[in-house]
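What follows is calculated from the coordinates using simple rules that are stated; it is not laboratory data. A quick note: this is a predicted structure, and the numbers were derived from the prediction, not measured. Neighbour counts run over all protein chains shown; Cβ positions are idealised from the backbone, glycine included.
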Amino acid sequence: MNPNIEPLSIIYHSHYDFPVPKIHSFVGSKFSDLFNNLQKRYPSSLNVLTPSSANLNNLSQSHHIDYINKIEQDKLTKDYLRLINLPWSERLRERSFLEIEGTFLTAKHALKTGLACHVGGGTHHAHFDHGFGFCVFNDLAYTAINLINQKLVKKVLILDLDVHQGDGTIDICNKYSSIYTCSIHSESNFPYEKKQGWIDVSLALAIEDDEYLETLNQTLTSIQEQITPDIVLYDAGVDVFSNDKLGNLKLSFEGIKKRDQLVLDHFRNKNIPVATVIGGGYSKDHGELADRHSIIFDVALEYLKKNNFN
């Protein structure tokens, strides 16, 4: 890498992985798979940062204290665990406190450098008082609220391009007038009860690259006409891919890359910091999934190189 270009700040913890049965849709090793993929391809281009566990005061801004205590003490009932739909373990508990802080750390570094990427995050189905859909705590809501409360920013845009709507993010953030949620998602995928955030765009089944990118472009224009955020939290979910196990859209690998380029160019060219999270992606082929999740990092590094940021 050009020595005049600062490395890309990426946030990762070796305890992000957690045990999941092979028959489960979630790939519990995808975080280390992705990190190893990036380390192999970009050995000198990454500034790797490690989060600590979220503290109770910060966490209670986005989640009910009773729910936090149930997780901390391993006292979630079967009903809670059924909603989360992941096998409970000490590692899952530990990484839940680490990963939300990882997204917050990513955002703080994005404010310093303009762009930072989390090797995790996007747990957008978790609600104020319960987890849901593979999500224990909501890292996007946690980060947005604490950025506002700690007066690091005044306005946050959460741009969620996962194939699934971030229902939990919307529910938690709705009472905050300075947090703007924008979700572009499949109209016929989980969660089946859609929420109403600031901007919600439902996509028809099996939509392909061109129509998707045109919709995204129109949405970015609409955002620009209404607000100028101080930071963008970008959920770059790759379950929009045509062969994703839990997706039902038809984007190509190249279409996802163009999506991420469009988002980064749009906001960074306006000097708006962007913090990215990986969001959803599901496949039995762990190498393919790591390649797919690496797209946002590839695009971020290309952007830094192209713009020769210091």
Taking the range 148-266 as the region of interest, what is the percent of Cα-Cα pairs per 10 angstrom bin, listed from the shortest bin to the one with the maximum distance?
-> 14, 47, 32, 8, 0
Entries in K78/K151; K194/K250; K151/K194; K108/K284; K154/K195 that, when Cα-Cα distance is taken, lie over 27 Å = K78/K151; K151/K194; K108/K284
Taking the alpha carbon gyration tensor of the range 242-310, what are the square roots of 5 times its eigenvalues, largest first, to the nearest whole Å?
-> 25, 12, 10
Cα-derived Rg to Rh of the range 48-186, Kirkwood definition | 0.94
Which of the chymotrypsin sites (Phe, Trp or Tyr not before Pro) found in the range 161-219 are loop residues per DSSP with 13 or fewer other Cβ atoms within 10 Å of their Cβ?
-> Y192
So how strong a dipole does the chain carry about its Cα centre when Lys and Arg Cβ are +1 and Asp and Glu Cβ are -1, to the nearest 20 debye?
-> 700 debye
Would you kindly state how much longer the chain becomes between I23 and K78 on full extension, computed as 0.36 nm times their sequence separation minus their alpha carbon distance, in nm to one decimal?
-> 17.8 nm
In nanometres, the difference between 0.36 nm per residue of separation and the alpha-carbon distance of D66 and K151 is 28.0 nm
Which whole-number value in Å³ per residue fits the convex hull of the alpha carbons of the chain?
-> 115 Å³
Relative contact order computed over the chain (Cα-Cα under 8 Å; 6+ residues apart), in percent = 21 percent
Area projected by the alpha carbon convex hull of the range 191-240, averaged over all directions, nm² = 4.4 nm²
On full extension of the chain, what length is gained from S44 through K257, given 0.36 nm per residue of separation minus the C-alpha to C-alpha distance?
-> 74.4 nm
Residues E302 and D210, FRET efficiency given R0 of 22 Å [Cβ-Cβ distance, rounded to 0.05] | 0.50
